[in-house]
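The values are calculated or read from the model by the stated rules, or taken from the named source; none is laboratory data. This structure is a prediction, so every number in the text was calculated from the model and none was measured. All Cβ positions, glycine included, derive from the backbone under ideal geometry; neighbour counts span all protein chains shown.
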Amino acid sequence: MNYLKSSVVCFVIAGLFMGTAQAAQSPQEILAASDVVRNPDYPFGLTNTLIEYRAGKQTDTSTLSIYSKADPNSGQFRSLIRYVAPARDANKLILFSGKDLWFYDPSSKASIRMSPQQRLLGQASNGDVVTVNLAKDYQAVSAVEEDTQDGDRQTKHCNKLSMNASTPDATYHHIDMWIEVGNNHPVKAKFYTESGKLLKTAYYRRYEKQLGIDRPTETVIIDGLDPTWVTVMRYSNLVRREVPDQWLQRDYLPRFKPE
Amino acid sequence: MRRKPSVFKPGICALMGLLAMNVYARQDPDLDALKVADQMPATVEQPSNWRLFIEAGAGVNRARLGGASQQFQRLSLDLQYDNSFAPGWRAVLSDRLDVSWPPQATGLSRDINTIKEAYLSWQVQTDQILDLGRINARNGVALGYNPTDYFRTSALRSVVSVDPASLKENRQGSIMLRGQKLWNGGSLTALYSPKLADERNYSSFSPDVAATNGQDRWLLTLSQQVMDGITPQLLLYKAEKQPVQIGLNLTALLNDSTVVFAEWSGGRSQSSFTQAMRQIGITYPDDSAFRNHSATGLTYTTSNRISLTAELEYNGGGLDQEKWNNLGQASLQSYGIYRRFLQGVQETPAKRTVFVYASRQDALINHLDLAAMSRYDMADSSRMSWMEARYHLKHTEFALQWQRNSGKSLSNYGAAPQMQSWQLLARYYF
């Protein structure tokens, strides 16, 4: 009986501490913690396979090799993206460094500067494809606990974060994001325009142990206007690798050839 | 009477629950979308060192004089090989064979092979690279006219389309030694391309070394980020027996949908007309002066993904409006010599041109890309227009191209032998 009592007391104390710890975590800290789940905090490379479906049928596919490194000044990731497939796009490169976007075609040797509006990958915007630390571009203004269905149709107890763009580099005006309580796993997010129109919904799913922790290996993007327009991004070959700063500039694009 | 409801209550509740779930499922389209996403296959494409495609084209030209139509056919084979065969080492080969019926121009062979690139690259360290071999060294940020693209001279052996991208893609590189030093936010590139041959060789499979290595040339290129989003590129170019030319490339983001660009090259040089006359041995007074060449413009992308580029082009080596408009009447021979020279150096005969380009991916239907282009010569009011519809599948592409040249008979575009042409293309990637 004493043992039972002390166990209950321990649970209560532990619960109080956990509650205190969670209460101490601000919405912005929850957001930052979920960024760490999605993105390693060191340079890395991965393969992103994108498949687009319309009305249930596969309509497009591309495979990208992505090399990312955080900029020590802004904290935001800079990325080099190389097309692997389809064949007509193979070896084309895109450099993302903040709003500095360059497209390089190895056939014409032309480096073309692009605006953020110039999407390259169908429904997936540039901000969806490259690694982004949301906590650097958005301010989470509230966190409300609620249950939601995740991408595998399981109920997850989440913090629903409401966040607003805080820098001009932010792709979206406003985002609602559900982050699982206890492990800060991003579960889903809804992206809105300034007028409040839903642009897209993203589900972060198929969690697997990658580089030491459980990370989502798939993002499902559903169009806000046409929910039968679905883009799936699957991540594979995630490895820690050096990405020298010198590579992340236009003049290096013609020379980029990963082993 | 009171018991009856209690018997059916759990069933009714369950039914209502099921109905509610069903309604929820119907109302939540995400569930259907996630089911679709579950179909995604697990295979992952691997990078390839090879890219090979075959392209077949057929079309019809309508001649300006007489309006007769002439059919033409073309078959092209394009190969790229790019392999990191050892740590730090890279081998690049790029070759294209065009077979045309009839030949592209009178006196040209039906088969034209272009060795675009063949070089070895050694990455000494992450920030130092050396290259040796035939390299397509290209510079410039403008879309239609690139005055800092110094190595474009005599680089075209075969022209299969007037699309600027095609002209940049299907050209011969120069044999050179090139070194690059990189640092965070900048780089310095130095290259030397020696004179290796005197006589051009137009035969089908000739490497035609004299075309792009007919004189000693060097180029220094310095890039340095000066503020967030602004990285000017400064160039110094020297060709044998020619004064040094200075170049500048600059781009900036005006807003989320607009990029502005400016490209400039200047230095002392003779006018293109004088160079043309002297090249074939005609004595002509030296008119060397500081001449500017520039291309400035912007690219605007609409919210529905239409990209529009407008560019003002200035060729300071071209003839003044009046001289150009009178040249054909004054001397047809001089006119012909001048036009042939301009084809080689890829310059316009007069000074000012307006260039517009529009493109849209997935236009009207998925996988259909549309592009349209127009060049307007401000000196003689002639115009060249071009449009393309390209439909692509995983390995195959189909394209329909249309081109029209209009203007007075000896104007820039009005002098083209074809008034209009249509071409249908099919390309297959292996």
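Descriptive notes on the structure:
- Any hit, the stretch A:93-101, residues being crowded, with 20+ Cβ neighbours inside 10 Å and basic (Lys, Arg): no
- Here B:ASN366 clears all of (1) in contact with a Ser or Thr (Cβ under 7 Å, 6 or more places away or on another chain); (2) surrounded by fewer than 18 Cβ atoms within 10 Å (Cβ to Cβ); (3) at pLDDT 95 or above except the condition numbered (3).
- Selection of the stretch B:187-204 for residues being within 26 Å of the chain's Cα centre (by Cα) and either modelled with pLDDT under 95 or over 23 Å from B:LEU236 (Cβ atoms) (or both) yields B:ARG200, B:ASN201, B:TYR202, B:SER203, B:SER204.
- Residues satisfying the stated conditions in the stretch B:102-135, i.e. at the interface with chain A (Cβ under 10 Å from one of its Cβ atoms), more than 17 Å from B:VAL209 (Cβ to Cβ) and either in contact (Cβ under 8 Å) with a residue 60 or more places away in the chain or not β-branched (Val, Ile, Thr) (or both): B:SER121, B:GLN123, B:GLN125, B:ASP127, B:GLN128, B:ASP131
- Filtered by the rule that a residue be buried (at least 17 other Cβ atoms within 10 Å of the Cβ) and out of contact with any strand residue (DSSP E or B) (no Cβ under 8 Å at 6 or more places or on another chain), the stretch B:377-414 gives a lone residue, B:LEU410.
- Residue in the stretch B:136-156 that is nearest to B:SER174 (Cα to Cα), counting only those that are touching an Asp or Glu at 6+ places or on another chain (Cβ under 7 Å) and away from chain A (no Cβ under 11 Å): B:THR148
- Members of the stretch B:145-192 found to be aromatic (Phe, Trp, Tyr) and in a loop (DSSP other than H, G, I, E, B), listed by number: B:TYR145
- Among the residues making up the stretch A:182-238, those that are over 20 Å from A:ALA32 (Cβ atoms), in contact with a strand residue (DSSP E or B) (Cβ under 7 Å, 6 or more places away or on another chain) and not in a strand (DSSP E or B) are A:THR193, A:GLY224, A:THR228.
- One residue stands out among those in the stretch B:286-322 that are of a type in the set (D, E, K, R) and without any contact (Cβ under 8 Å) to a residue 24 or more places away in the chain: the one that is farthest from B:PRO349 (Cα to Cα), which is B:ASP286.
- Scan of the stretch A:134-149 for residues that are within 20 Å of A:ARG205 (Cβ to Cβ) and within 16 Å of the chain's Cα centre (by Cα), ordered by number: A:LEU134
- Apart from one condition, B:LYS195 fits all of (1) in a loop (DSSP other than H, G, I, E, B); (2) closer than 25 Å to B:THR309 by Cα; (3) basic (Lys, Arg); the exception is (2).
- Residue within the stretch B:228-237 that is within 14 Å of another protein chain (Cβ to nearest Cβ), β-branched (Val, Ile, Thr), within 30 Å of A:PRO116 (Cα to Cα) and free of Cβ contacts under 8 Å to residues at least 24 places away in the same chain present: yes
- Residues that are part of a loop (DSSP other than H, G, I, E, B), touching a strand residue (DSSP E or B) at 6+ places or on another chain (Cβ under 7 Å) and of a type in the set (Ser, Thr, Tyr), drawn from the stretch B:198-242: B:SER204, B:THR231
- Search result, residues across the stretch A:38-69 that are among the β-branched types (Val, Ile, Thr) and surrounded by 19 or more Cβ atoms within 10 Å (Cβ to Cβ): A:THR47, A:THR49, A:ILE51, A:THR63, A:ILE66
- Breaking point among (1) in a strand (DSSP E or B); (2) of a type outside the set (Phe, Trp, Tyr); (3) within 9 Å of another protein chain (Cβ to nearest Cβ); (4) touching a residue at least 24 places away in the same chain (Cβ under 8 Å), for A:ILE81: (3)
- Some residue of the stretch B:388-396 being away from chain A (no Cβ under 14 Å) and either among the charged types (D, E, K, R) or closer than 28 Å to B:GLN321 by Cβ (or both): yes
- Unmet criterion (only one of (1) away from every other protein chain (no Cβ under 12 Å); (2) crowded, with 21+ Cβ neighbours inside 10 Å; (3) aliphatic (A, V, I, L, M)) for A:VAL230: (1)
- Tally, over the stretch B:144-178, of residues that are at pLDDT below 95, touching a Ser or Thr at 6+ places or on another chain (Cβ under 7 Å) and of a type in the set (A, V, I, L, M, F, W, C): 3
- Of the residues making up the stretch B:157-189, those that are touching a residue at least 24 places away in the same chain (Cβ under 8 Å), under 19 Å from B:GLU311 (Cα atoms), within 11 Å of chain A (Cβ to nearest Cβ) and not acidic (Asp, Glu) number 3.
- Of all residues in the stretch B:343-353, exactly one satisfies the criterion of being among the hydrophobic types (A, V, I, L, M, F, W, C) and modelled with pLDDT of 95 or more, namely B:ALA350.
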